[in-house]
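All remarks here apply to the structure that follows.
The values are calculated or read from the model by the stated rules, or taken from the named source; none is laboratory data. If you're wondering where the values come from, they're calculated on a predicted model, not measured in any experiment. Here the Cβ positions follow ideal geometry from the backbone for every residue, glycine too, while neighbour counts run over all protein chains shown. Just so you know, the surface numbers come from the protein's heavy atoms only, side chains and all, with ligands and any DNA or RNA stripped out. Shrake-Rupley method; radii C 1.70, N 1.55, O 1.52, S 1.80 Å.
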Amino acid sequence: MYFIINLIRKNGYFLFFLCLQIIASILIFRYNVYHEVVLGKASTNIGGAIDQHTSKISRFFNLPTHNRALQEENAILRERLYALGVKDAKTGVFQRLDSVQYHQTYSFIPTDVINNTIVHSHNFLTINRGKNDGVQVGDGIISQNGVVGIVTRVTDHYARALSILNTNTKINARLKGSEYFGTMVWDGKDPRYTYLTEIPKYVDVKVGDTIETDGKSPVFPEGILIGSVASKTIDNVSGDLNIKIKLKENFANIKYAYVVTNLQRNEIIEVEKDQTANPNPNVQ
């Protein structure tokens, strides 16, 4: 105790100056928008670099498992290429997918998930692709097992995404083979399950039915797998079904993914924004 008191006596002015510097820095970065943006970008880049090196070490010890997963995915992609009549598969995975029904075109960017959380109510993930690779805020992220998240922040080499295991995430989803669709949300509890709401109670839903994206949002293509029906109840307030979904993706072990970019997203958003602002075309 005497040593600590003596240290404070000898360096009191320096410690006081240091405290003032810390307080001033906090005030600058908290109340100045420019400095806050600079700090956010720097922290994302530094955190991304650290996470990437940590992820490399982890992946080294899990190479056999990951190689097997990649082999299985490549087999599925090859089957799809042959089904579409594509005989030359040297170019690798699809670079563009057209959805005739919704007139949307998507590009796919392979990426590694270098950081991911599942224990919080607001979970995020970090990928090692950024602006230089064509990633944009609002892009979707999927894996070979289904929907993963939505990009919320992008730097030159990294991107941060809102996981579907986040209570703020809402994704359009439907029962496969059905015209009924609703909103998928997470209750912040079990990372193995999410919930599909806004489905009328008279809809025939069975345990094991597939849940997928409906293609009506500008983020994800139609028919991307999410999971399967685990159980269903009727909401006492809305009277609609509350469907519990068993997620296909194991978020505790996700390593590889694809960034999905809707090449017509900005046009779709612009059209919907104009319609919202002026719903009556006769009124100028």
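The figures follow:
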{"quantity": "Calculated diffusion of the stretch 107-163, Stokes-Einstein form, Kirkwood radius summed over Cα pairs, 37 °C and 0.692 mPa s, µm²/s", "calculated": "293"}
{"quantity": "Pair F14, D187: separation of 7 Å Cα→Cβ label points (nm)", "calculated": "5.6"}
{"quantity": "Karplus (6.51, -1.76, 1.60) ³J(HN,Hα), θ = phi - 60°, over the stretch 185-195, in Hz, Gly and Pro reported as x", "calculated": "9, 10, 8, x, 10, 8, x, 8, 9, 10, 9"}
{"quantity": "Chain lengthening between D156 and N6 when straightened (0.36 nm per residue, less Cα-Cα)", "calculated": "49.2 nm"}
{"quantity": "Calculated FRET value between L70 and I269, using beta carbons and R₀ = 51 Å, to 0.05", "calculated": "0.90"}
{"quantity": "Entries of K206/K246; K176/K273; K216/K248 with Cα pairs more than 19 Å apart", "calculated": "K176/K273; K216/K248"}
{"quantity": "Solvent-accessible area of T44 with every protein chain in place, 1.4 Å probe, in Å² to the nearest 10", "calculated": "20"}
{"quantity": "Accessible heavy-atom area order of T183, T210, highest first, probe of 1.4 Å", "calculated": "T210, T183"}
{"quantity": "Estimated inter-spin distance, K248 and A24, nm [label 7 Å along Cα→Cβ]", "calculated": "5.6"}
{"quantity": "GluC sites (Glu not before Pro) within the stretch 149-231, DSSP loop, no more than 13 other Cβ atoms inside 10 Å", "calculated": "E179"}
{"quantity": "Extension gain from A49 to T167, taking 0.36 nm per residue of separation minus the Cα-Cα distance", "calculated": "39.8 nm"}
{"quantity": "Net lengthening on full extension, S231/D209 (0.36 nm per residue, minus Cα-Cα)", "calculated": "6.9 nm"}
